Amino acid sequence: MTKEEVLTRVGYVRNLANLSARELSLRMGMSPQYMAQVEQGRIVLTVEKLLLILEICSFPVERFFSDNIEEYNTDDELMKLIKDLPASKKKNLIELLK
């Protein structure tokens, strides 16, 4: 994942949590302009700060780093449903999908 992709996802997460850049910055204990500068690529985002952002926004780390951040919940639900199927039904599903 590129730096630009990480920053785009940070903005997505913040917006999904209905937080302005200023509000998120303040909740992090940072200056009011901190998140705007991060999202503009003017400040390097550390792993520690990224994890704090995800925590404040109640956003799962796994989803943030998933291949498709927007479809993660659908994919996760599907995986749970498949996992709970008996082996015979899993084989039937595989055949159906082929």
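Quick note: the coordinates plus some simple rules give every number you see, no bench work behind them. Every value quoted in this text rests on a predicted model; they were computed, and no experiment measured them. Positions of Cβ are generated from backbone atoms using ideal geometry, with glycine treated the same way; all protein chains shown enter the neighbour counts.
Below is a table of values for the structure above.
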| quantity | calculated |
| --- | --- |
| Environment charge of L50, counting only residues whose C-beta is closer than 14 Å and scoring Lys/Arg +1, Asp/Glu -1 | 0 |
| Options I82, S58, M35, ranked by Cα towards positive dipole end of the chain, top entry (Cβ charges) | I82 |
| Cross-link partners of K49 among lysines (Cα-Cα below 26 Å; sequence separation of 8 or more within a chain) | K3 |
| Backbone HN-Hα couplings from phi across the stretch 90-96 [Karplus 6.51/-1.76/1.60, Hz, Gly and Pro as x] | 4, 5, 4, 5, 4, 5, 4 |
| Gained length - S66 relative to A17, 0.36 nm times residue gap less alpha-carbon distance | 15.8 nm |
| Spatial extent of the stretch 49-89: Rg and Dmax, with the Cα atoms as the point set, Å | 13.7, 45 |
| Phi to ³J(HN,Hα) by Karplus 6.51 cos²θ - 1.76 cosθ + 1.60 over the stretch 39-45, Hz, x for Gly, Pro | 5, 7, x, 8, 10, 6, 8 |
| Candidate aspartates and glutamates for bridging to K83, where Cα separation is under 14 Å - those fewer than 8 sequence places away on the same chain excluded | D75 |
| Hz values of 3J(HN,Hα) by residue in the stretch 16-25 - Karplus curve (6.51, -1.76, 1.60), Gly and Pro given as x | 4, 7, 6, 10, 6, 4, 5, 4, 5, 4 |
| Cross-link partners of K90 among lysines (Cα-Cα below 26 Å; sequence separation of 8 or more within a chain) | K80, K98 |
| FRET efficiency estimate (nearest 0.05) - Cβ-Cβ, S31 to T74, R0 35 angstrom | 0.40 |
| Degrees separating the helix 47-56 axis from the principal Cα axis of the chain, which is the longest one | 80 |
